[in-house]
Amino acid sequence: LGDLLRKNGVAVEPVGNSLLATLGEGPLLLFDTHLDTVPPAAGWTREPWDVQSIDGRVYGLGANDAKASVAAMTAAFLAFREADLPFTLALALVECEETRGTGTEAVLAELARRGTPPAAAGIGEPTGLDLAVAQKGLMVLELVARGDACHAANAAALGAKNAARLLAYDLVALERADFGAPHPRLGPITVEPTQLRAGTARNVVPGEAVAVLDVRTTPALSRREIVERIGRVVAGEVRVLSDRLVPRETAEGAPLVVAARRARPEARLCGSATLSDMVFMEGIPAVKCGPGRSERSHTPDEYVLESEILEGARFYTRLVRAYAELREREEAA
């Protein structure tokens, strides 16, 4: 990709294992999508790393998530390599989105170091080219129940509290947690127990039992309020393991959203329950939109349609033009 951009006369530089290219001057519009993939799931019937285009479908690991956005954003970016834009257009092709998001964090830090933080950002992810203007956040919590460790044969006589049973009561009680009205685009805050551990041996009553809770958050409540509301309905201790991935929401009237709707009038405005590097766009109006379908991501024989990639490239090109028109009108006014 670096060679492709350089051959087209574009300045590009590595930021860690990510690539950052820019065109023009002025306020910066960032196109950001990721190069990394998850490991191949079980069930592939073809070589995951061998790209094949068959009957209009492009097969390969990450074809849908998010190589289609990489291809479409790169094509759109190159379309403006000789254009006179009223802003800087930047393309970030990043590492580690599927793990900890360190690629986009490093790119944003580099842009801040240059004194050109993004004024707006388009995040390339498979949305069917619908416009995700909101995204849920993620908290990872531990719910800890404590009991009395003892020999299982003596538990009843001793009146020992079984931590596994106490945890089970708390897991049922989680369903009573009140997080208020659902968010208009993102729906309700959700809590799902995903991992359980208890016990050291089959004949020992566990003195501690732990559940990992996957909590998908919305802007409706702060992280502290969510923890407090869970704490009201459970007897065990609630620990915060991670709360760095906060929800994001972009106003419908933001210039980037207005430009995106002009570029694709048929697109839905929606919220996204899945995470992306949009989470790092603090204070930056952002829209998540890209070719492909989310339900194909991380599946065996992952594919994207050639027609979807081409339509994605056309959309991103129209988005840049529409955003440029808005900027020029603002400057003229």
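The values are calculated or read from the model by the stated rules, or taken from the named source; none is laboratory data. The shown structure was predicted, so the numbers you read here are calculated from the model rather than taken from an experiment. So basically every Cβ, Gly included, is an ideal-geometry build from the backbone, and we count neighbours across all protein chains shown. Protein only, heavy atoms only, side chains kept; ligands, DNA and RNA dropped before computing areas. Shrake-Rupley method; radii C 1.70, N 1.55, O 1.52, S 1.80 Å.
Structure summary
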{"item": "Per-residue HN-Hα couplings for the stretch 259-271 [Karplus 6.51, -1.76, 1.60; θ = phi - 60°; Hz; x = Gly/Pro]", "result": "5, 5, 5, 5, 6, 9, x, 7, 6, 7, 8, 8, x"}
{"item": "The chain: equivalent-ellipsoid semi-axes (sqrt of 5 x gyration tensor eigenvalues, Cα, Å)", "result": "45, 23, 17"}
{"item": "Residues of the stretch 200-232 with amide N under 15 Å of the 7 Å Cα→Cβ point at Ala164", "result": "200-211"}
{"item": "Ratio Rg/Rh, restricted to the stretch 175-223 and using Cα atoms, in which Rh is the Kirkwood radius", "result": "1.20"}
{"item": "Three semi-axes of the equivalent ellipsoid, the stretch 129-252, Cα gyration tensor, whole Å, largest first", "result": "36, 13, 10"}
{"item": "Förster radius 41 Å - calculated FRET efficiency between Glu82 and Asp178 (Cβ-Cβ, nearest 0.05)", "result": "0.10"}
{"item": "Between the stretch 266-309 and the stretch 81-158, the Cα center-to-center distance that results, in Å", "result": "13"}
{"item": "For the stretch 194-200, 3J(HN,Hα) per residue [Karplus equation, 6.51 cos²θ - 1.76 cosθ + 1.60, θ = phi - 60°, Hz, x = Gly/Pro]", "result": "10, 9, 10, 8, 6, x, 10"}
{"item": "Stretchable slack from Ala153 to Ala112, in nm (0.36 nm times residue separation minus alpha-carbon distance)", "result": "8.4 nm"}
{"item": "Accessible-area value, Ser53, 1.4 Å probe, nucleic acids and ligands omitted, Å²", "result": "70"}
{"item": "Computed label-point distance, nm, for sites Val212 and Glu237 using a 7 Å Cα→Cβ extension", "result": "1.9"}
{"item": "At most 14 other Cβ within 10 Å, DSSP loop - GluC sites (Glu not before Pro), the stretch 202-306", "result": "Glu252, Glu266, Glu282"}
{"item": "Base-10 log of normalised Debye intensity for the stretch 1-94 (one unit scatterer per alpha-carbon) at q = 0.12, 0.25 Å⁻¹", "result": "-0.45, -1.29"}
{"item": "If the convex hull is drawn through the Cα atoms of the stretch 51-142, its volume per residue in Å³", "result": "168"}
{"item": "Theoretical gain in end-to-end length, Arg244 to Glu13 [0.36 nm per residue, Cα-Cα removed]", "result": "80.3 nm"}
{"item": "Trypsin sites (Lys or Arg not before Pro) restricted to DSSP loop in the stretch 247-285 with at most 14 other C-beta within 10 Å", "result": "Arg268"}
{"item": "Histogram of C-alpha separations across the stretch 35-87, 10 Å bin width, %", "result": "21, 40, 22, 13, 4"}
{"item": "Calculated on alpha-carbon atoms, Rg and Dmax of the stretch 192-333 in Å", "result": "22.0, 78"}
